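The next block holds one structure in the form of structure tokens; read it before the comments.
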Amino acid sequence: MLNKQIHYSNQQLQSWVDGLIYKGKTVIGPVKKNGVTCFSEIKNFNELILNERTVYSAKEVVLPKYDILFKFAKEKDKVFISKNENSLNNVIVIGLRPCDNEGFDYLRLFFKSDPDILQKLNTFISVTIACEKKFDGCFCEELGIDKNYSNKTDVLIKTSENGYDIYFNDRGNEILSPQASDVKPAEIKKPVPNVSIDNKVAYLKKLSEQYNSEKWKIVSMGCLGCGSCAFVCPTCTCFDVQDEGNTQNGQRLICWDACGMGLFTKHASGHNPRPSQVERRRHRIMHKFVYTQDTEGKISCVGCGRCIAACPAHLNIYNQALQILQ
Amino acid sequence: MEKSWYIPYKMKITKVINEAVNVKTFRLEFVNPEDKAAFSFKAGQFGEYSIFSEGESTFCIASSPTRKDYIECTFRTAGRVTNALARCEEGDILGFRGPYGNVFPMNNWAGKNIVFVAGGIGLPPLRCVIWNVLDLGDTFGHITIVYGAKSIEELVYKDELKEWSKNPKVTLAVTVDPGGENPEWKGHIGFVPDVIRKIAPKSENTIALICGPPIMIKLSLTVLNELGFSDNNIYSTLENRMKCGIGQCGHCMVGKKYVCKDGPVFTNEEIKALPLEY
Amino acid sequence: MEDFEPKLAAFVCNWCTYAGADLTGTSRMKYPSNVRILRFPCTGRIDFMLVMKAFDSGVDGLIVSGCHPNDCHYTSGNFHAQRRWVVFKEVLDIMGFDTRRIFFTWVSAAEGAKWAKVVTDAVEELKKLGPYSEFKKILLKKLQFPLDNKTADREIKTEPVIS
Amino acid sequence: MNQKINQHIAYLMKEKGVNLIISQAKDSNGFVIPHFILSENDIISSVIAINEMRNFFAYLNKQEIKSFKSIGIVCNYFGVKTFFQLKFENQLKDLELFLLIPTDDDFIEITSEKQAEDYLSGLKQSTILVDEELENVKKMSMEERWNYWMKTLELCTKCYACRAACPMCYCSSCTTECNIPQWIPVPASLHGIFEWHVMRAMHLAGRCTECDECVKVCPANIPLNILNKGLHNKISEAFSSDDSSIKYALNFFQPDEKVDFIK
């Protein structure tokens, strides 16, 4: 609950972030690397890119593209296992968007029984920036996400006249530590509960009736079967468990996997339950809009539009779902 | 140290049995006695067997939960992990995570007859139940086992088949596909569905368990239905590509169901409700 | 790096260089023992991925050797290999991989002395270059045992959550 | 597309039994996307400059698209080059293809290898490709190059969009999917990424048509064309004794070839 508010000038925002880094906090934020905006640790405020959407989503902070589960060493008839410890203590993720927060919210639901990932999700402090404009392909508002507000974050930054309005909760207070006299109670216009969103979610659920629709063939035509949509998605969680090592030692890793790839479901016998891109695209769309409604109670697309920008054919997952329902 | 989902039990291979061409059975015992004490499973569950530095692979637990000293797994070499497993010898250390998945509701079957239908490498998941039923003695009614493979060489658990055939509680029908027999072969010749029709087990008060290649399952189900088995009295265990075994990695999803979490045991009724993605 | 002993692998063709290396031995010529010889049916069989695999498994250098052009047992295997190596060397050069560590040579079955010289030169060169730590840095697997003493000593109890 | 192409598309669908046209369009975000014309109602007129056009021949590797048998495809120079190379590699055997190349206010139609060859030789370019980034990379020292690539490849997630969008990557089973042994490490660690890109470049050596699709689709902006162009130049330099050797590059040789670094 964002219950407090202060005002920062441009200068104050910068010195606040630089101050956090100086105090030894790990600050992760959107930076440009090789022309690509992505989340990475920053060393000073000027590295931050705050007017662009990142290509890769913030899930990387919690679920990196490969992560070590444990290391092992083998001797003659003995195996030693040591769990890899990595926590997000002392980590501040700055420059999240409301859609990223929705994504983390979904991840918290999905990983509710995995202690390691859940702990990671709940330890870092999130600093969100409200979106002023829409980015290429964004459709979060269509799915009922307010691009100007997020109640799942610890700190919310909104641009205002001559600076920034900062809203925060108790956890946010820890990293902000403002002068008590500056703090005002938060005055955010909370979005009015949108009835049409519930209707829309129920409408999207009708996709399950269209499971055998011929239109899947048409929407899947553009899909080339790469994993770019899944890898940039803030809510895609599928992973692969792989070992890297030799006869003496090595490590077991989890690494991203994508349902668009043919190998994803292929059995060792050669049988593939989803033999072509038609089934794979259908699974992806149904999973995002239908299946998670039943399993986690909400749709798992947050409308960030990253997959649309990353897709080689720029397929629009939301429009395709609507096209099927037509 | 915090618990983690992915850290396996260490198991020592105490026995290696060559069942058939490319099919092996391992008997595994816990390295740490505490693990053994904490471990229990029920018929129908599976585990993730791993060979360190090669990876993990999913098989069912083929031994009965009534035999607590060890677990057994039977696998056919197909990929990277199973090939590496096949090279293992007695005394090697494997990793094992589990047990995962749901179980056969055997408590509800007390007093009922049971029909097992298996094909090829589909016998190991049922073997767990068969031994469980046999070990529990008179709790269950009569047992019929119909098992088929391509050829005599590909039949698994050859010794146990002999043992079962001597048991008065068991009607055993072993069949090989036409062309897979040799002159000494005394069992049936023909496909599993035809053999079921020939034996025609009674459907009253009877549960059917089926596991094998998809085409065999499909045709056998028709025969079982003809014999009067209702769909919720037919159980099958599904298998999909799996990586985590705990409903997280997303590989085994069939529609919104996870084979690893909601399965692998499904009644035929449940299977019919699933989309055709298994 | 005074006492650095480089690990060197050699991918050789069965018909020429392997026989040549054999001749080196039977003629009692001395050459460094750092080399591990792997025999291939033909240089045409030496896929570039095998070269990558060799570096994955921790060699510091690699000799690739076969019959002289026109001497191939299979008529044209080494001609194809020659083109492949030109292209492969270019890929590695552009990527900044240290191609000085890959030694391409032709050694025929009669050139026992040349083989000894090739290996001696290669080992000398590698001693100058030192271990290929640049590449080993990016490997996920560690190549020495134990991976670190602290880890190996600290055996932990394994307790998977039972669902 | 201009009026004449649209008329011709309608003609092809009506008279020639063409049942799929892979055309190009711009979506609302300004991305160039494939536009599939399944019936005359799908024809839209959109204007895309010929140098903005993309190469959608990768779709012809999809089984679902292949089953259309008779396909029209709107493309530019690189499409023709791809067509020629795929024909040479026997990949378009059962397909009847109509290539439509827009020009200023008209279009060119290409249906056979011969026509494609004539078209390409009409536009003969120097075999050495000039690329600023390639020059820059070549100027660096070995260590700089290694560090440059490690920095660039760091962002790769191995989504294999470069493979999926490449018209020349048509293998039904890729080396990355072979796991006995595991040729390419699965995790997107620098090691796995490095090996994947070395392998991709090698498998495309002498076949790449320089359409730069791989660069356009890469979410991580990896300049893969540096590798492609570098190899193209190397092949042109080293084996340019006749034209055919460039086309075949790695499955062709000249008996008198000498390579200086093989001692």
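The values are calculated or read from the model by the stated rules, or taken from the named source; none is laboratory data. This structure is a prediction, so every number in the text was calculated from the model and none was measured. Glycine gets a Cβ as well: all are built from the backbone with ideal geometry, and neighbour counts include every protein chain shown.
No other residue among B:Thr66, B:Thr74 is modelled with pLDDT of 90 or more, under 28 Å from B:Asn108 (Cα atoms), touching a helix residue (DSSP H, G or I) at 6+ places or on another chain (Cβ under 7 Å) and among the β-branched types (Val, Ile, Thr) apart from B:Thr74.
Within the stretch D:25-39, the residues that satisfy the criterion of being within 25 Å of D:Asp104 (Cβ to Cβ) and either assigned by TED's automatic domain parsing to the domain that holds D:Cys218 or in contact with a helix residue (DSSP H, G or I) (Cβ under 9 Å, 6 or more places away or on another chain) (or both) are D:Asp27, D:Phe31, D:Val32, D:Pro34, D:His35, D:Ile37.
Considering (1) more than 10 Å from chain B (Cβ to nearest Cβ); (2) surrounded by fewer than 24 Cβ atoms within 10 Å (Cβ to Cβ); (3) touching a residue at least 60 places away in the same chain (Cβ under 8 Å), the lone condition that A:Gly262 does not fulfil carries the number (3).
For the stretch B:1-86, which fully contained strands (runs of 3 or more DSSP E) count at least 2 residues that are closer than 23 Å to B:Leu238 by Cα and at the interface with another protein chain (Cβ under 10 Å from one of its Cβ atoms)? Spell out how you get there, then give the answer.
On the way: elements: B:9-20, B:23-30, B:46-51, B:55-60, B:71-76.
Where strands (runs of 3 or more DSSP E) fall fully within the stretch B:1-86 and carry at least 2 residues being closer than 23 Å to B:Leu238 by Cα and at the interface with another protein chain (Cβ under 10 Å from one of its Cβ atoms), they are B:46-51, B:55-60, B:71-76.
Within the stretch A:61-116, can you find the residues that are of a type in the set (Phe, Trp, Tyr) and in a helix (DSSP H, G or I)? Hits for the stretch A:61-116 are A:Phe104, A:Tyr106, A:Phe110.
Please go through the stretch A:290-316 and give me each residue that is in contact with a Cys (Cβ under 6 Å, 6 or more places away or on another chain) and either more than 9 Å from every other protein chain (Cβ to nearest Cβ) or of a type in the set (A, V, I, L, M, F, W, C) (or both), ordered by number.
From the stretch A:290-316, those in contact with a Cys (Cβ under 6 Å, 6 or more places away or on another chain) are A:302-305, A:307, A:311; that's our starting set.
Passing the criteria: A:Val302, A:Gly303, A:Cys304, A:Cys307, A:Cys311.
Note on the stretch A:120-187: enclosed strands (runs of 3 or more DSSP E) holding 1 or more residues that are out of contact with any helix residue (DSSP H, G or I) (no Cβ under 6 Å at 6 or more places or on another chain) and closer than 22 Å to A:Ala309 by Cα are A:125-129.
Give B:Val103, B:Val115, B:Val133 a once-over and let me know the one that is of a type in the set (A, V, I, L, M, F, W, C) and within 17 Å of B:Phe46 (Cα to Cα). Before the answer, list the steps.
Details: B:Val115 fails: within 17 Å of B:Phe46 (Cα to Cα); B:Val133 fails: within 17 Å of B:Phe46 (Cα to Cα).
None of the others qualify; the one that does is B:Val103.
One residue alone among B:Trp185, B:Trp164 is under 18 Å from the mean Cα position of the chain (by Cα) and over 26 Å from B:Gly263 (Cβ atoms), and that residue is B:Trp164. Cβ separations smaller than 8 Å between residues 6+ apart or across chains give the following pairs from the stretch B:253-278 residues that are in contact (Cβ under 8 Å) with a residue 40 or more places away in the chain to residues that are surrounded by 22 or more Cβ atoms within 10 Å (Cβ to Cβ) and among the basic types (Lys, Arg): B:Gly263/B:Lys257. In summary, helices (runs of 4 or more DSSP H) completely within the stretch A:214-326 and bearing 1 or more residues that are under 22 Å from the mean Cα position of the chain (by Cα) and on the phi < 0 side of the Ramachandran plot occur at A:228-232, A:277-286, A:292-295, A:306-310, A:317-325. Determine whether the stretch C:106-114 contains at least one residue that is at the interface with chain D (Cβ under 8 Å from one of its Cβ atoms), buried (at least 22 other Cβ atoms within 10 Å of the Cβ) and modelled with pLDDT of 90 or more. Yes, because at least one residue in the stretch C:106-114 is at the interface with chain D (Cβ under 8 Å from one of its Cβ atoms), buried (at least 22 other Cβ atoms within 10 Å of the Cβ) and modelled with pLDDT of 90 or more. Quick check on A:Arg274: is it out of contact with any strand residue (DSSP E or B) (no Cβ under 8 Å at 6 or more places or on another chain), farther than 23 Å from D:Cys214 by Cβ and facing another protein chain (nearest Cβ under 9 Å)? Criteria met by A:Arg274. Only a single item in (1) touching a strand residue (DSSP E or B) at 6+ places or on another chain (Cβ under 7 Å); (2) charged (D, E, K, R); (3) within 7 Å of another protein chain (Cβ to nearest Cβ) is not met by C:Asp98, and it is number (1). Against the numbered list (1) within 15 Å of B:Val115 (Cβ to Cβ); (2) over 22 Å from the mean Cα position of the chain (by Cα), B:Ser220 comes up short only at (2).
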